[in-house]
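FYI, it's all coordinate maths here, none of it is from the lab. Small disclaimer: the values here were computed from a predicted structure and weren't measured. Because the Cβ atoms are built from the backbone with ideal geometry, glycine has one as well, and the counts that use them run over all protein chains shown.
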Amino acid sequence: MSEISRADVEHLATLAHIAMTDAELEKMASELAVIVDSVKRVQEAAGEDVPATSHPLPLTNVFREDIVGHVFTAEESLASAPDAEDSRFKVPAILSEDHDAGPSSVPHEGGER
Amino acid sequence: MNTTTQAAMDAVEPLSFDEALEAFEPVMGFEVHVELNTATKMFSSAPNAFGDEPNTNVNEVDLGMPGTLPAVNGKAVESAIKLGLALNCSIAEHCRFARKQYFYPDTPKNWQTSQYDEPIAFDGHLDVELDDGEIFRVDIERAHMEEDAGKLTHAGTSGRIQGADYSLVDYNRAGVPLIEIVTKPITGAGKRAPEIARAYVSAIRDIVKGLDISDARMERGNVRCDANVSLMRRGAEVFGTRSETKNVNSMRAVEHAVTYEIRRHAGILSAGGSIVQETRHWKEDTRTTSSGRPKSDADDYRYFPEPDLVPIVTTTEWVEALRAELPEPPAQRRRRLREAWGYSEAEFRDVIAAGLLDEIEETVGQGASPAVARKWWMGEISRLANARGVDPAALGVEPVTIVELNRLIEGGTVNDKIARQVLEHHVDGEGAPADIVRNRGLEVVSDDGALTAAVEKAMAENPDVVEKVKGGKLKAIGALIGPVMKETRGQADAGKVKEIVLQTLGMDS
């Protein structure tokens, strides 16, 4: 059986910003191990000569023309937002940069300027 | 990370640039993000537009709503291939998109659709021209396609990320097509490292502008640069630990950020400290950087191939058709034009700085001499534009108008001074130069009757000048030209005035 440790689950939970109790971490570790094992069977079926695939259909180059289509109004965009202000989504405070190691503090590509 | 150590390292005084270069060799690397100027986004048909009301350039795909399906913008793919070719890259025969997972409110999907191990372009190089004309080759690792993120405004007490009470998100920018260009480590730059950094970003901007795949306005974030810097002790063979300064978004800032990081690293290393691998924030006001966050397991993005998008396959025919559309590389074009036009280096530099290369080229193409084209664009048109607070190119003067104006001067219809007035009237919307001259009666007074009368009057009023001329001082005629110009409202031809004076005095022969 695959080894998914409690620490692995804890790490994933941190990355996904999900708070988990000790009991949940234990339970999830064993459940994930079973899932990984099931998926692993694919490796047994596929030999070296089968390329990794990301899509079930034999399609390539599905492109859209660069023509503007439909677009939301600000009201439509925000219709299901838990909170909004000034036509923008209102989200909880960003955690302090230097204390939280999670990606929440990452000013990603152009995020902060 | 031990914050005490970090604080201690931050407190170390940077070395001077010269001292730093004596002991260390800088190694640089750049990640430049280019926003494409497509009409729509990378994966949705919402408009790619700047400056609109928040959350009005989005649809269900950009907002990451469940059950939506992205669709790749074909034009963005072609733009990426063209840029790859312009950077002398190989184009992947087969490539895919991948999900880069992270949880941050600037992406509503909780992943950024990017490319990971299969970039569309790879292994290229760019020859960068430095101020003195020397060429420095920068090797390109890859150029890949991805999407931009939304824009966060941090509200609350401090305005900065730290201590913010909440953030407001506008997703108009989310999904805007981006190409990220990553260099290989740049070694051997020595003391020219900051200059090379600026020249590299400048060259990228010129290329994407020349390809017309981006508006390339750095002040709007169309071209954004992350600068990696590390130092090696002279003679060492292993790279030092690098810092990554994020979002250095002007050419000058790139130069200054590299200079500062070289000095900061050298200060710490010389004091026996070690560099923390971290992101740094550029501070324009002090021209320094400050500590962002250390590299950590937070950079575990768990990339996997995007299951909602199919692979891209490029054929030789397709790539070669795009290659055929490439314009002449900007640096090569500049060299060619400077030689063809015979401008001095200073003259040419001024033209580049004024952003008038295209206008002058077109004016020359319409039949004006390079000198005439430069005179008008760098002279009167720039002056008028400056007075009106617009770019010379935005003043609305067509190259053909310059050619017409010049024809009026050369044909003796107007003189230089009147031609400048005609230009101003043209800018004010009075029509073609010839019409303006006719409607306003600005033709040079060349009919002999009117001109002769004006000259005779000036001679009668200035007998002392007339005596000097009679005595052989032909230069004195100049003193008569002013009064004649006044009499004819500036429309006299100076050569003609001189001729008439000499005729009247019987000195022509």
Practice task
For every helix of n ≥ 4 consecutive DSSP H residues, a contribution of -39,500 (n - 2.57) applies; sum these over the protein assembly as shown, divide by its total residues, and give [θ] at 222 nm rounded to the nearest 500 deg cm²/dmol.
Solution key: -11500 deg cm²/dmol
Handout entry: Shape category assigned to segment B:307-389 from the gyration tensor of Cα positions, a/c cut at 1.5
Key = prolate
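I'd like to compare B:60-71, A:37-48: which one has the highest average count of other Cβ atoms within 10 Å, and what's the full order after that? It would help to have the intermediate numbers written out before the result.
Numbers: B:60-71: 16.7, A:37-48: 9.0.
Final packing ranking: B:60-71, A:37-48.
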Practice task
Please average, across the residues of B:343-355, the number of beta carbons from any other chain that are within 10 Å of each residue's own beta carbon, and give a whole number.
Solution key: 0
Exercise for the section: Rounded to the nearest Å, what's the spacing between the alpha carbon centres of segment B:332-374 and segment B:468-509? Just the number, please. Expected result: 37 Å
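Ranked highest first by the average count of other Cβ atoms within 10 Å around their residues, in what order do B:282-288, B:414-420 fall? Please list the in-between numbers first.
On the way: B:282-288: 13.7, B:414-420: 17.6.
Per-residue mean Cβ counts within 10 Å order the peptides as B:414-420, B:282-288.
With contacts defined as alpha carbon pairs under 8 Å and 6 or more residues apart, what's the relative contact order of segment B:3-316 in percent? Present the calculation step by step, with values, prior to reporting the outcome.
Values: 700 pairs, mean separation 80.1, N = 314.
Across segment B:3-316, relative contact order equals 26 percent.
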Exercise for the section: With a/c under 1.5 counting as rounded, go ahead and sort the protein assembly as shown into rounded, prolate or oblate using the C-alpha gyration tensor (a ≥ b ≥ c being the square roots of the eigenvalues; past the cut-off, prolate if a/b is larger than b/c, else oblate). Expected result: prolate
Problem - Interchain or long-range residues, amide H under 5 Å from B:Phe304's placed H - result: B:Arg99
Problem - Order of B:Ser344, B:Ser202 - criterion: other Cβ atoms within 10 Å of each residue's Cβ, fewest first - result: B:Ser344, B:Ser202
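Taking a threshold of 20 Å on the Cα-Cα distance, which of the pairs B:Lys100/B:Lys151; B:Lys417/B:Lys470; B:Lys375/B:Lys496; B:Lys82/B:Lys246; A:Lys40/B:Lys100; B:Lys473/B:Lys498 fall above it? Please list the in-between numbers first.
Details: B:Lys100/B:Lys151 18 Å; B:Lys417/B:Lys470 30 Å; B:Lys375/B:Lys496 25 Å; B:Lys82/B:Lys246 26 Å; A:Lys40/B:Lys100 23 Å; B:Lys473/B:Lys498 12 Å.
In this structure, B:Lys417/B:Lys470; B:Lys375/B:Lys496; B:Lys82/B:Lys246; A:Lys40/B:Lys100 lie more than 20 Å apart at Cα.
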Problem - Selected from B:Ser16, B:Ser230, B:Ala492, residue furthest toward positive end of dipole (the protein assembly as shown; charges at beta carbon) - result: B:Ala492
Handout entry: Shielding by partners, peptide B:389-399 (average Cβ within 10 angstrom, other chains)
Key = 0
Practice task
Based on other C-beta atoms within 10 Å, arrange B:Glu93, B:Glu146 from fewest to most.
Solution key: B:Glu93, B:Glu146
Completion exercise
Inter-chain shielding metric for A:80-89, i.e. average beta-carbon neighbours from other chains within 10 angstrom, reads 5
